[in-house]
Amino acid sequence: MKPRDHIDRYEEGERGARIGIWTNLLLFILKIFAGVFGRSQAMIADAVHTAGDSMTSVGVLIGFKIARKPPDTHHPFGHGRAESISAKIISLILILLGLKVGYDSLKILISGDIPTPKTVALVVACFSIVIKEITYRQVVSLSRKIKSTSLMADAFHHRSDEFSSIAVLTGIAGARLGWAFMDPVAGIVVSAIILKIGIGSFHAAYDELMDAAPPEELKKEIEKTAGNCEGVVDVKKIMVRKSGIEFFTEITVGIDGGKTVREGHIITMKLRRDIFKNIPNVRETIVHVEPV
């Protein structure tokens, strides 16, 4: 990967994180106002969810800023894992928030002292659904473009906030129609959504930090590129590990046993060039050759 490409991809990631930060900050202010003055526990729970999303976006931004640093003597493979660590911290925050929201909503439901939400809570819930869908589409597009786990997790947090706002809208509407219990029940549904997203994000970050196998599509793409390289007779082994938004690959290929060392070296250089050209997120690749 060219140094400029490396920087550009991290800048794209930072842009996605900033979109989340400002969107969540605006929605948090609106939701906490609507929850307190609109007398809706579900909306307060949704505000807490949005506050958590805002913190996760800040964590993603910090992770990208650290991960974009070039390799040094202490970190010869770069700082890309900072992005995965950020994703893991984010997921833990979400899990704790989910538990807190669920506890508060359940406590109100059991107490039976449930006020009827006001119209302002209903309006803010509708507004939140629209804004979060727009934000989700923007951020998920960027995350797919640069193949970022933490930004994809942040995108799903936006989508989860949208789903939670739908649950809140349903709960508030039900409560205003006379079923008061639906408001805290909606808060419990929101907590379940937060927990599900948090656990899923934790698992994805854990896999990256443990060098789990990459998606099968990526291995097939590398295998196809190697198989089409002039001079490569056989593709024997492919190993890939993800570091932030970048991939480090190690490939073993078979070449004609009659080739000289110089000719074998030329083939490996061609293969490296093809991999960097066809798979943009590859930061470095090591090619081993064996005689066939």
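Structure data summary
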quantity: Residues within the stretch 262-290 that are under 18 Å from residue 236 (Cβ atoms) and touching a strand residue (DSSP E or B) at 6+ places or on another chain (Cβ under 7 Å), tallied; calculated: 12
quantity: Selection within the stretch 268-292 - in contact with a Cys (Cβ under 7 Å, 6 or more places away or on another chain) and of a type in the set (A, V, I, L, M, F, W, C); calculated: 271
quantity: Within the stretch 214-258, tally of residues that are hydrophobic (A, V, I, L, M, F, W, C) and over 16 Å from residue 148 (Cα atoms); calculated: 11
quantity: Residue among 249, 170, 268 that is of a type outside the set (Gly, Ala, Ser), surrounded by 19 or more Cβ atoms within 10 Å (Cβ to Cβ) and either in the same structural domain as residue 144 (by TED's automatic domain parsing) or within 30 Å of residue 11 (Cβ to Cβ) (or both); calculated: 249
quantity: Output for the stretch 118-177, where each listed residue is under 23 Å from residue 85 (Cβ atoms) and not in a helix (DSSP H, G or I); calculated: 147, 148
quantity: Hey, residue 252 farther than 24 Å from residue 67 by Cβ, of a type in the set (S, T, N, Q) and touching a Lys or Arg at 6+ places or on another chain (Cβ under 8 Å) or not; calculated: yes
quantity: Check on residue 121, more than 24 Å from the chain's Cα centre (by Cα) and in contact (Cβ under 8 Å) with a residue 40 or more places away in the chain; calculated: yes
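Residue-wise test of (1) out of contact with any helix residue (DSSP H, G or I) (no Cβ under 8 Å at 6 or more places or on another chain); (2) in a helix (DSSP H, G or I); (3) among the small types (Gly, Ala, Ser).
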position	(1), (2), (3)
19	no, yes, no
24	no, yes, no
32	no, yes, no
51	no, yes, yes
55	no, yes, no
60	no, yes, no
76	yes, no, no
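The values are calculated or read from the model by the stated rules, or taken from the named source; none is laboratory data. As the structure is a prediction and not an experimental result, all values here were calculated from the model. In this analysis, Cβ positions are derived from the backbone assuming ideal geometry, glycine residues included, and neighbour counts consider all displayed protein chains.
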